[in-house]
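Data block below; observations after.
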Amino acid sequence: MGRGKFKGKPTGQRRFSSAADILAGTSAARPRSFKQKEAEYEEDIEEESEEESEEESEDESDVKKKGHEALIEVDNPNRAKPKTLKARDLDASKTTELSRREREELEKQRAHERYMRLQEQGKTEQARKDLDRLALIRQQREEAAKKREEEKAARDAKKVDARK
């Protein structure tokens, strides 16, 4: 039966070359003769690069120039030049300025520490209220303990009277 314009399944599977296949030259993407030509070309390039590197090392410094810089000497004023600072040139006493957020965070931490110190000493309003509340609770507990002792003494006295 006819299925129409499109086929239901792929007719062939895709085969991708791995990096190892490409380096070995056994990938399906290029012909075998290409491997031989590439090997010869690589040998020629290696020989030329060895000759050039000897000439460059004699003439120029270690910095390799990119693109047209090798051909034309260009001085770009916008180019950021790496600055090398030596340890003796650094000023140890100079402190870096903090950003606004960092400064605010430090102030917040210091204020919290100061508040907690005052809280421990009982000098803040909240600490005074807490101490007053604690004193009231202690007084109530003492009164309750006295009342219990009196009731217990009264029960004991009642038991002694009942036995007689």
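Please name which of Leu85, Val160, Ile137 has its Cα lying farthest along the dipole of the stretch 68-164 towards the positive end, using unit charges on Cβ (Lys, Arg +1; Asp, Glu -1) and the Cα centre as origin.
Of the listed residues, the answer is Val160.
At 7 Å along Cα-to-Cβ for each site, give me the label-to-label distance between Glu40 and Leu131 in nm.
For Glu40 paired with Leu131, the spin-label model returns 10.0 nm.
Pop out the carbon and sulfur fraction of the accessible area of the stretch 65-164 as a percent, whole number, probe 1.4 Å. Walk me through the numbers before you get to the answer.
Details: 5310 of 10660 Å².
On the stretch 65-164, the fraction of accessible area on carbon and sulfur atoms equals 50 percent.
Quick check for you: with a 1.4 Å probe and neighbouring chains kept, what is the accessible area per residue of the stretch 81-156, in Å²?
Details: 7910 Å² over 76 residues.
Result: 104 Å² per residue.
The values are calculated or read from the model by the stated rules, or taken from the named source; none is laboratory data. Because the structure is predicted, anything quoted here is derived from the model rather than measured. Glycine gets a Cβ as well: all are built from the backbone with ideal geometry, and neighbour counts include every protein chain shown. Accessible surface areas use protein heavy atoms only, side chains included; no ligands, DNA or RNA. Shrake-Rupley method; radii C 1.70, N 1.55, O 1.52, S 1.80 Å.
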